[in-house]
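Read the structure below first, then the notes.
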Amino acid sequence: MNKFLAEVLEAHGGVDRWREFAKVDATIVSGGGFFALKGFLQDPNPRRMTVWLHEERSSVTPYGAPDQRTMFTADRIAVEKLDGTLIAERRAPRDSFAGHQMHTPWDPLHLAYFNGEALNTYFKTPFLLGTGDVRVEETEPWKQGRETWRVLRAYFPGSIETHSLVQDFFFGDDLMLRRHDYQVNIAGGFAAAQLTSEYREAGGIRLPTRRRAYTRGPDRRPILDMLMVYIDISEVNFS
């Protein structure tokens, strides 16, 4: 494993502790201009997000109705009743985004896939980078004001559902994540820079509870008047 990545993982709680848990549940409140571009008025009410830590699986409750939830896996997205009764599903859901651009409208299954895929990555960072299928290298550091952030570039295999195959993760002197860069391939591949802050600890695992994703300019800096997605996280429980 990359030496710096090993230090980052230890600072976030350590691999051994991470392996003790099967899933994480948290309350999320999200929104931003991206959802309006896709034809959705984002619901400001809190929802419960569940991410399974050692498989590609996640769920949001409620979704579309109080008694409904999503169920995301690598090859399927579904909306179902809380008792498991199927409402709608799409197999090979990534294929349904072929030809999409930033303004291409989505249907509820598109949105459900985006929620599942994105939060699956966010809640597993940085431990996802330590899995055998992800290749990681340290690139040149990033100057941010008076701080210097070290940058890990991750190369994801096509078998993992995530924003893009190449993503950059920026870490401060305390080894905590400050920023996450990627392309949103299911929306025309636009460049995004997500700023992360307000770290909290749950079950001995540290994670940022405030995420703000902006479009990224040609100078690699976030365009702060173009907030695409915000996510506030609370009531985190690892089990």
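The values are calculated or read from the model by the stated rules, or taken from the named source; none is laboratory data. Here the structure is a predicted model, which means the values were calculated and not measured. For neighbour counting, all protein chains shown are included, and Cβ atoms are generated from backbone atoms with ideal geometry for every residue, glycine included. For accessibility, only protein heavy atoms count, side chains too; no ligands or nucleic acids. Shrake-Rupley method; radii C 1.70, N 1.55, O 1.52, S 1.80 Å.
Using R₀ = 45 Å, calculate the FRET efficiency as 1/(1 + (r/R₀)^6) where r is the Cβ-Cβ separation of A92 and R146; round to 0.05. Calculated value: 0.45. Along the axis of the charge dipole computed for the chain (Cβ charges of +1 for Lys and Arg, -1 for Asp and Glu, origin at the Cα centre), the listed residues G145, L53, G99 are led at the positive end by G145. Here the simple spin-label model places points 7 Å from the Cα toward Cβ, and for D219 and R17 these points are separated by 3.9 nm. Positive contributions from Lys and Arg (+1) and negative ones from Asp and Glu (-1), summed over other residues with Cβ under 15 Å from the Cβ of L86, come out at +1. Accessible surface of the stretch 135-226, 1.4 Å probe: 47 percent of it comes from carbon and sulfur atoms. Once backbone amide H atoms are built at 1.01 Å from N, A88 has V79 as its partners under 5 Å, excluding neighbours fewer than 5 places away on the same chain.
In terms of the Cα gyration tensor, with a ≥ b ≥ c the square roots of its eigenvalues, is the stretch 128-239 rounded because a/c is under 1.5, prolate because a/b exceeds b/c, or oblate? Rounded. Ignoring ligands, DNA and RNA, what accessible area per residue does the stretch 81-153 give at 1.4 Å, in Å²? I get 53 Å² per residue for the stretch 81-153. Hydrodynamic estimate: the Kirkwood radius of the stretch 92-147 over Cα pairs, inserted into Stokes-Einstein at 10 °C and 1.306 mPa s, corresponds to D of 109 µm²/s.
Compute the long axis of helix 108-124 from its Cα atoms, compare it with the longest principal axis of the Cα atoms of the chain, and write down the angle in degrees, 0 to 90, nearest 10. Long axis of 108-124 versus the principal axis of the chain: about 30 degrees. What's the carbon and sulfur percent of the stretch 1-116's accessible surface, probe 1.4 angstrom, rounded to a whole number? After summing per-atom areas, the C and S share lands at 54 percent. No solvent, one uniform scatterer per C-alpha: report log10 I(q)/I(0) for the chain via the Debye equation at q = 0.13 1/Å, two decimals. Taken in order of the listed q values, log10 I(q)/I(0) reads -0.78. Can you return the lysines within cross-link range of K23? Criterion is Cα-Cα under 30 Å, with same-chain partners fewer than 8 residues away left out. Counting by Cα, and skipping residues close in sequence, K23 has these lysines nearby: K3, K38, K81, K124.
Give the calculated FRET efficiency between D107 and F190 to the nearest 0.05, with a Förster radius of 22 Å applied to their Cβ-Cβ distance. E(calc), rounded to 0.05, equals 0.65.
Full extension of the chain segment joining R76 with E137 gains 18.9 nm, where the gain is 0.36 nm per residue of separation less the Cα-Cα distance. Within the stretch 45-110, the ratio Rg/Rh, alpha carbon atoms throughout and Rh by Kirkwood, equals 0.98. According to the Kirkwood relation over distinct C-alpha pairs, the hydrodynamic radius of the stretch 182-239 is 12.7 Å.
A helix-only calculation puts the chain at -4500 deg cm²/dmol for mean residue ellipticity at 222 nm, using -39500 (n - 2.57) for each DSSP H run of at least four residues, averaged over all residues.
Backbone phi angles across the stretch 46-54, fed through the Karplus curve with coefficients 6.51, -1.76 and 1.60 (θ = phi - 60°), yield HN-Hα couplings of x, 10, 9, 10, 10, 10, 7, 7, 10 Hz in residue order; Gly and Pro are listed as x. Within the shell of other residues whose beta carbon sits under 9 angstrom from the beta carbon of S239, the net charge comes to 0, with Lys and Arg scored +1 and Asp and Glu -1. When both the stretch 99-153 and the stretch 10-67 are represented by their alpha-carbon centers, they are found 14 Å apart.
Entry note, the chain: relative contact order of 21 percent, from Cα contacts under 8 Å with a spacing of 6+ residues.
Rounded to the nearest 20, the size of the Cβ-charge dipole of the chain about its Cα centre is 300 debye, with Lys and Arg at +1 and Asp and Glu at -1. In a reduced charge model with +1 at each Lys and Arg Cβ and -1 at each Asp and Glu Cβ, the stretch 161-239 shows a dipole moment near 140 debye about its Cα centre.
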